[in-house]
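**Q** I'd like to ask you about the structure that follows.
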Amino acid sequence: MTTQPLAAAVADVLPSVRADLERLVRIPSVSADPAAAPHLAASAREVAALLRAAGLPEVEVVTAGGSRPAVLGHRPGPNGAPTVLLYAHHDVQPPGDATAWDSDPFEPSERDGRLYGRGAADDKAGVAVHLAALRAHGDRLPVGVTVLVEGEEEIGSPALAGFLAAYSGRIRADVLVLADSINWAVDVPALTTSLRGGANVTVEVRTLRHGVHSGAYGGPVPDALTVLCRLLATLHDERGDVAVAGLARGHTEPLDLTEERLRADAGLLEGVHLIGTGSLTERLWARPAIAVIGVDAPAVGAASNTLIPVARARVSLRVAPGDDAARAREALVAHLKAAAPWGAHVTAEPGGAVAPYSARAGGRAYRAAHAALASAWGRPAVDVGVGGSIGFVTAYAAAFPGAEILITGVEDPGTRAHGANESLDLAVFERACLAEALLLRNLAGDG
């Protein structure tokens, strides 16, 4: 069947969908900030109103187990048609340092074909893609559709288990479509088939009962900050590979990722070396990674000549597909406790963990998604892994093992999700909207 009618329908609704996306971006729905709770509530209400206007007769804002507000909507399909769950999230990361942005993070701004703003891509654009597909089909929706827009994905979905238990009967579907991932390039679509898991550990080092003068005691007496630095340095070997014993390491296809592209996409400074061994895609998608993402210590501007008695750091662990996130987190805790230099007192507090995920490729929905992406982009899609985690994926797969899971998205290597100047390529956005509209048609057997 030709794509032209749906392509025309998507083109017709794009201006209104773009306007709705910009309205959502203006709501600072930062789930990590307790003070932003009113904004999260406002964001959920706005999403609910948009879904009702898009033709879903059953829409409500829901919570479970103390969760942030989510939006759940449903529209039944024709007799015998499959049910598709469309997932996105309306919460966003904190903006960080406002001076690092070239424009207000919560005032959408278009520059050179990209829309800038916090959540413009991750993941309010996912909400907008679902709206575009629903509006393009209008009253002729070929499948049953349930839409779930979560409100706490950016903090690891802490109430997810309770939410799934409370609403399992309403989110059961034949196919799950998560619009929260990345494309290989702005002109090359991708279907994500694996995700690394994740876990955090907060490590604390103590060497003294109290701070003491560095001139009077420096030399024989170790300070906690120096000990912490040495301890954190044991997490990688001299090549930059993760040195924690017992973590799984996988393999993946290299695709065409070059060092030059990776350096440019990441913004790596000239002269700074890449770390680790193995192909670049293995290091990004199929092997563990460790980063220090926060340190509690005196600020440089407030530092005095004092030996620091206590210092803390938060360590982020990415877990390879096929590994167990909780077990990997315990391996990291064990390493930190065993590697403490000079007899320093070390405690390691484990944080949350998100399991890795590997998709079942080759099924009917997988083939339908590849066909839709190829039609929308005018070239075949590639299968990719992603180094990040999406807690909802593994939880949903465990609760509904018979459902096919498709992970799509609107991001590209220049999106800078979670960073300053997050942006959405508007041409990619248009193709993603068309691809999802085509996918719904294909899943109904009309493709």
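**Q** Applying the selection to segment 337-362, what residues are under 29 Å from Asp383 (Cβ atoms) and open to solvent by less than 70 Å² (accessible area, probe 1.4 Å)?
**A** If the condition is that a residue be under 29 Å from Asp383 (Cβ atoms) and open to solvent by less than 70 Å² (accessible area, probe 1.4 Å), then Gly352, Ala353, Val354, Ala355, Pro356, Tyr357, Ala359, Ala361, Gly362 are the ones that fit.
**Q** Could you list, in sequence order, the residues of segment 24-42 that are of a type in the set (Gly, Ala, Ser) and either open to solvent by 70 Å² or more (accessible area, probe 1.4 Å) or in contact with a helix residue (DSSP H, G or I) (Cβ under 7 Å, 6 or more places away or on another chain) (or both)?
**A** So in segment 24-42, the residues of a type in the set (Gly, Ala, Ser) come out as 29, 31-32, 35-37, 41-42.
Correct list: Ser29, Ser31, Ala32, Ala35.
**Q** Criterion first (at pLDDT below 95 and buried (at least 19 other Cβ atoms within 10 Å of the Cβ)) does Leu160 satisfy it?
**A** Considered against the rule, which asks whether it is at pLDDT below 95 and buried (at least 19 other Cβ atoms within 10 Å of the Cβ), Leu160 comes out as yes.
**Q** Also, I was wondering about something else. What's the total number of residues in segment 81-98 that are of a type outside the set (D, E, K, R) and modelled with pLDDT under 95?
**A** Residues that pass the stated criteria total 2.
**Q** Quick test of your reading of the structure: Leu232 fulfils all but one of (1) touching a Gly at 6+ places or on another chain (Cβ under 9 Å); (2) in contact (Cβ under 8 Å) with a residue 60 or more places away in the chain. Name the failing condition by number.
**A** Tallying (1) touching a Gly at 6+ places or on another chain (Cβ under 9 Å); (2) in contact (Cβ under 8 Å) with a residue 60 or more places away in the chain, Leu232 fails exactly one: (1).
**Q** Another question, then. Please specify each residue of segment 384-404 satisfying the condition of being open to solvent by 20 Å² or more (accessible area, probe 1.4 Å) and touching a helix residue (DSSP H, G or I) at 6+ places or on another chain (Cβ under 8 Å).
**A** Residues satisfying the conditions are Val386, Ala395, Ala399, Glu404.
**Q** State whether the residues of segment 205-213 include one that is touching a strand residue (DSSP E or B) at 6+ places or on another chain (Cβ under 6 Å), farther than 24 Å from Glu430 by Cβ, crowded, with 24+ Cβ neighbours inside 10 Å and among the β-branched types (Val, Ile, Thr). Spell out the reasoning first.
**A** Quick first cut of segment 205-213, residues touching a strand residue (DSSP E or B) at 6+ places or on another chain (Cβ under 6 Å) only: 205-206, 211-212.
Next, from what is left, pick out any that are farther than 24 Å from Glu430 by Cβ: 205-206, 211-212.
Filter once more, keeping what is crowded, with 24+ Cβ neighbours inside 10 Å: 205.
Filter once more, keeping what is among the β-branched types (Val, Ile, Thr): 205.
Checked against the condition, which is being touching a strand residue (DSSP E or B) at 6+ places or on another chain (Cβ under 6 Å), farther than 24 Å from Glu430 by Cβ, crowded, with 24+ Cβ neighbours inside 10 Å and among the β-branched types (Val, Ile, Thr), segment 205-213 yields at least one hit.
**Q** On to the next question. Spot the failing condition for Tyr87; the list is (1) among the hydroxyl-bearing types (Ser, Thr, Tyr); (2) under 26 Å from Leu164 (Cα atoms); (3) without any contact (Cβ under 8 Å) to a residue 24 or more places away in the chain, and only one is missed.
**A** (3)
**Q** Follow-up. If you scan segment 429-447, which residues turn out to be part of a loop (DSSP other than H, G, I, E, B) and buried (at least 23 other Cβ atoms within 10 Å of the Cβ)?
**A** Filtering segment 429-447 down to residues part of a loop (DSSP other than H, G, I, E, B) leaves 444-447.
The answer is none; no residue qualifies.
**Q** Mind counting the residues in segment 1-20 that are open to solvent by 50 Å² or more (accessible area, probe 1.4 Å) and not in a helix (DSSP H, G or I)?
**A** The number of residues fulfilling the criteria is 2.
**Q** When you scan segment 86-100, how many residues do you find that are surrounded by 13 or more Cβ atoms within 10 Å (Cβ to Cβ), out of contact with any Pro (no Cβ under 7 Å at 6 or more places or on another chain) and assigned to a loop (DSSP other than H, G, I, E, B)?
**A** 5
**Q** Kindly check whether there is at least one residue in segment 295-304 that is at pLDDT 95 or above and buried (at least 16 other Cβ atoms within 10 Å of the Cβ).
**A** The answer is no, given that none of the residues of segment 295-304 is at pLDDT 95 or above and buried (at least 16 other Cβ atoms within 10 Å of the Cβ).
**Q** Next question. Would you check which residues across segment 101-137 are surrounded by fewer than 24 Cβ atoms within 10 Å (Cβ to Cβ), of a type in the set (Asp, Glu) and in contact (Cβ under 8 Å) with a residue 24 or more places away in the chain and list them?
**A** Within segment 101-137, Asp102, Glu107, Glu110 meet the criteria.
**Q** Quick test of your reading of the structure: Ala334 fulfils all but one of (1) part of a loop (DSSP other than H, G, I, E, B); (2) exposed (fewer than 15 other Cβ atoms within 10 Å of the Cβ). Name the failing condition by number.
**A** Status for Ala334: all satisfied but (1).
**Q** Something else: If you take the residues in segment 269-284 that are of a type outside the set (D, E, K, R) and within 21 Å of the chain's Cα centre (by Cα), which one is surrounded by the fewest Cβ atoms within 10 Å (Cβ to Cβ)? Spell out the reasoning first.
**A** Let us first name the residues in segment 269-284 that are of a type outside the set (D, E, K, R), namely 269, 271-281, 284.
Okay, now just the ones that are also within 21 Å of the chain's Cα centre (by Cα), so 280-281, 284.
Numbers: Leu280: 17, Thr281: 20, Leu284: 20.
Among residues in segment 269-284 that are of a type outside the set (D, E, K, R) and within 21 Å of the chain's Cα centre (by Cα), the one surrounded by the fewest Cβ atoms within 10 Å (Cβ to Cβ) is Leu280.
**Q** Would you say Gly138 is in a helix (DSSP H, G or I) and over 30 Å from Leu6 (Cβ atoms)?
**A** On the way: in a helix (DSSP H, G or I): yes; over 30 Å from Leu6 (Cβ atoms): no.
Taking the combined requirement at face value, the residue does not satisfy it.
The values are calculated or read from the model by the stated rules, or taken from the named source; none is laboratory data. Not measured: the values here are computed from a predicted model. Reconstructed Cβ throughout: ideal geometry from the backbone, glycine too, with neighbour counts over all protein chains shown. Calculation scope for accessible area: heavy atoms of the full protein, side chains included, ligands and nucleic acids excluded. Shrake-Rupley method; radii C 1.70, N 1.55, O 1.52, S 1.80 Å.
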